1. I'd like the distance separating the alpha-carbon centroids of the stretch 126-171 and the stretch 222-270, in whole Å.
2. If you roll a 1.4 angstrom probe over the protein chains with everything in place, what fraction of the accessible area of the stretch 155-307 belongs to carbon and sulfur, to the nearest %?
3. Search the structure for amide H atoms under 5 Å from the amide H of V155, placed 1.01 Å from N in the peptide plane, and list their residues when 5 or more places away or on another chain.
4. Determine the relative contact order of the stretch 35-182: mean sequence separation of Cα pairs under 8 Å and six or more apart, normalised by residue count, in whole percent.
5. Based on DSSP H runs of at least 4 residues, each adding -39500 (n - 2.57), what is the mean residue ellipticity at 222 nm of the chain after dividing by all its residues, to the nearest 500 deg cm²/dmol?
6. Shape verdict for the stretch 151-244, please, from the Cα gyration tensor: rounded (a/c under 1.5), prolate (a/b greater than b/c) or oblate.
7. Please get the size of the charge dipole for the stretch 171-324, origin at its Cα centre, with Cβ charges of +1 on Lys and Arg and -1 on Asp and Glu, quoted in debye to the nearest 20.
8. With a 1.4 Å probe and all protein chains left in place, how much of the accessible area of the stretch 67-123 comes from carbon and sulfur atoms, in whole percent?
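The values are calculated or read from the model by the stated rules, or taken from the named source; none is laboratory data. Here the structure is a predicted model, which means the values were calculated and not measured. When we count neighbours, we look across all protein chains shown, and the Cβ atoms used for this are built from the backbone with ideal geometry, even at glycine. Ligands, DNA and RNA are stripped out before the accessible areas are found, and what is left, the full protein with its side chains, is counted by its heavy atoms. Shrake-Rupley method; radii C 1.70, N 1.55, O 1.52, S 1.80 Å.
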Amino acid sequence: MARRANVSAATVSYVLSGRQDQRISAETRERIAQAVTELGYVQNQIARQLRLRRTKRICVLLPQIGIPFADNIAQDVEAAVRQRGYTSVVVVGRSYDMCRQLVLDVEAGLADGIVAEVEQFSAHQISELFEPVARAQKAALLLHPTMEPDTFSTVRQARLPAFKAMLERLHESGRRSFAYIRHGQSDDAHRSETLQSFLSSKGLAAAPVVTGAETRDSAVDAALILLTREQRPDALLVQSDFSAVAIIQALHRRGIRVPEDVAIAGSGNAEEGRHCFPQLTTIGPRRPSLATAVDHLLDEIEGKTDGRAQTFEIPWSVIARESA
């Protein structure tokens with residue numbers, strides 16, 4: 001390739017490594033790229049990783065995929081790492097044991113660092129879970145709504161202020177009997193306690209809080225049971241947009257009007273909420289980017305930071321539509 005491009009072998013190696021140097025002109029880089037194409041050269045990534053002692057790979061750990069929130073995380077990470085010559089691999093784990101094995105794989109060399117959505121775990125569980133990553137002196141970026149940065153940097157989705165604003169909106173619209181369907185397998189970032197405190201401050205009865213938001217079927221079952229109570233709720237909060245949309249459709253088939261008979265409010269700002277009828281009122285990020293946080297993670301991997309953990313905030317807000 002060096003002969004074909006009429007440059008030194010060192011210049012070819014430097015350019016193929018992805019490094020930038022103003023002394024190497026755009027025209028020289030173009031000649032090298034053309035030589036790569038003409039000769040069909042493919043880098044031996046395994047040999048390169050052994051030499052550099054890096055995989056140039058980031059592991060993205062998510063509790064599930066196929067939902068907009070998780071898919072956006074995966075897309076954001078992939079776009080950010082590609083800009084720096086890295087790749088990403090998405091793995092799925094919800095239970096502690098599943099995540100522990102994946103974390104051990106990262107410690108063993110699967111990736112140089114990890115981006116993990118860990119809302120379902122307590123701070124103590126997270127500390128235990130990621131101890132192997134800390135032991136291996138690898139970088140991690142943890143997505144959790146309330147956790148303070150300690151060993152690792154965190155991305156906090158500011159859900160609670162938006163949830164409080166939603167409660168105020170429902171109350172101001174005349175709703176007086178609330179109920180909440182939450183996930184049974186993850187932390188709800190103190191929303192249950194916030195709801196009860198809010199109702200108490202307004203002189204209203206405590207709200208029934210039930211689990212079931214993790215699947216559409218269980219959410220619909222929970223909603224139908226709540227709506228047969230003697231004190232039927234006129235405002236139903238759901239910890240998942242997908243489950244909230246399923247509830248709206250199930251109530252429509254049974255002649256229960258939304259929002260006239262009961263207001264429905266979701267969480268997450270999933271695209272599906274804009275396309276149901278009535279459109280779903282929800283809380284969520286408008287369209288956050290993890291680019292800054294991921295760049296910090298890569299800088300940490302490359303030794304370009306002072307090593308101190310940082311917090312990156314992603315604000316949530318009320319997205320008012322028709323269902324509440």
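1. 28 Å
2. 47 percent
3. L142, L143, H144, F312
4. Relative CO of the stretch 35-182 lands at 19 percent.
5. Mean residue ellipticity at 222 nm (helix-derived): -12000 deg cm²/dmol.
6. oblate
7. Charge dipole of the stretch 171-324: 700 debye, to the nearest 20.
8. Here it works out to 55 percent.
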